[in-house]
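Let me begin by presenting the structure, written as structure tokens, before commenting on it.
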Amino acid sequence: MKVSRERRLGVSLGSAIRLLDECPEDILGTDELSVELFGFEISHDVKVAVGELIVVAEPLEVAVLPFRIEAGSGAEVFPVLDAELEVMPTSECGIALTLDGAYRPPGGLLGEAVDRLALGHVAREAIERYFDRVVDRIRRGSASLDALEGVPV
């Protein structure tokens, strides 16, 4: 199932790319995914595998960081997310941060049917919460880098 999220951030492109290049595991995290289901907060440990950062300078600078998230335990009952985090400049002196990817529910065709009928919203909410944490880490990390380098925030 395809997923796509985008946020515009008032941070410098250079700082965001530097964070993804120098500490991608810190930005993407290696902790857990969580979701609220029937009024209960449910979380599960995950493993995040990070690929190599790709930076393209022409016609404008864009950085893409591929990654995969899978369950740390009980992988047979949790989806796998294969995605890319993309950073590009905006005309408003900031960046657009995009998460594009797809998750595969467990259980083959039956799992896909259950996902479509009942549980897809749970996976999408978990991904949204995860993306919110990534956005927050980039905001905080970029602000720290910009302050150290004397860039106006």
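We did not get these values from a lab; they are worked out from the coordinates using the rules stated. Note that this is a predicted model, so its numbers are computed, not measured. Ideal geometry is used to build each Cβ from the backbone, glycine not excepted, and the neighbour counts take in all protein chains shown.
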A correct fewest-to-most ranking of Ser43, Ser34 by other Cβ atoms within 10 Å would be Ser43, Ser34
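Explain nothing, just the number: relative contact order of the chain, from Cα pairs under 8 Å at least 6 residues apart, as a whole percent.
After rounding, I find 29 percent.
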GNM of the chain, Cα pairs under 10 angstrom: of Glu41, Glu22, Glu128, the biggest fluctuation goes to Glu41
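Rg to Rh ratio, the chain, alpha-carbon atoms and Kirkwood radius?
Taking Rh as the inverse mean 1/r over Cα pairs, Rg/Rh reads 1.01.
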Please label the shape of region 1-64 as rounded, prolate or oblate, based on the square roots a ≥ b ≥ c of the eigenvalues of the alpha-carbon gyration tensor (a/c under 1.5 means rounded; beyond that, a/b larger than b/c means prolate, else oblate).
prolate
Run the quick spin-label model on Phe38 and Glu22: label points 7 Å from Cα toward the beta carbon, then report their separation in nm to one decimal.
4.7 nm
